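The values are calculated or read from the model by the stated rules, or taken from the named source; none is laboratory data. Everything numeric here is computed off the predicted structure, so don't read it as measured data. Backbone-built Cβ (ideal geometry, glycine too); neighbour counts: all protein chains shown. For accessibility, only protein heavy atoms count, side chains too; no ligands or nucleic acids. Shrake-Rupley method; radii C 1.70, N 1.55, O 1.52, S 1.80 Å.
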Amino acid sequence: MSILLSANEITKIYHKNQRPGLDHVSFQVESGEFIGIMGASGSGKTTLLNVLSTIDVPTSGEISIQGIPVNSLSERKAADFRRDHLGFIFQEYFLLDSLTIRENIAVPLTLKKMSPEVIENNVLRLARR
């Protein structure tokens, strides 16, 4: 199996002189592996997910996804990486109330500047799924 995600010595400190939200966390996830993250409230689960997904930047350490060093990406490149390679399922769904379900599905495809025909085909395929 190949390594899908690698986290090496990840530390995240939010405010100077406070305890770190993450303190030298290291692990690897292989392609096809299924993992769960569990812990008490305030233990760093959300912080870990935020830095792994490029939503936040670790104070130190290295993160790579499919061999790409994601924590060294610029804000723009990180946004493009999230759009092209990551999917998020939030506790609260973030659909736009003013749009239909089909239009909500089409939003990320529109941001990728896909043609209307390709968007429609993808929306139909995803809706069927």
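Descriptive notes on the structure:
- Note on the range 1-56: with neighbouring protein chains present and a 1.4 Å probe, carbon and sulfur make up 52 percent of its accessible heavy-atom surface.
- When DSSP beta bridges are restricted to pairs lying wholly in the chain, around 100% turn out antiparallel.
- The peptide list 77-84, 36-43, put in order of mean Cβ contacts within 10 Å with the highest first, becomes 77-84, 36-43.
- Cα lying deepest toward the dipole's positive end in the range 1-115, options I68, L52, L96, charges on Cβ: L96
- Computed over the chain, Cα set: Rg, Dmax in Å: 17.3, 54
- The magnitude of the dipole of the chain, with charges of +1 and -1 set on the Cβ of Lys/Arg and Asp/Glu and taken from the Cα centre, is near 160 debye.
- Once the 1.4 Å probe is applied to the protein heavy atoms, the range 1-116 comes out at 75 Å² accessible per residue.
- Relative packing of peptides 101-114, 57-70 - highest average C-beta neighbours within 10 Å first: 57-70, 101-114
- With the helix formula -39500 (n - 2.57) applied to DSSP H stretches of n ≥ 4, the chain reaches a computed 222 nm mean residue ellipticity of -10000 deg cm²/dmol.
- For I35 and D80, a Förster radius of 30 Å and the Cβ-Cβ distance give a FRET efficiency of 0.75, rounded to the nearest 0.05.
- Mean projected area (nm²) of the alpha-carbon convex hull when the range 54-129 is viewed from all directions: 6.8
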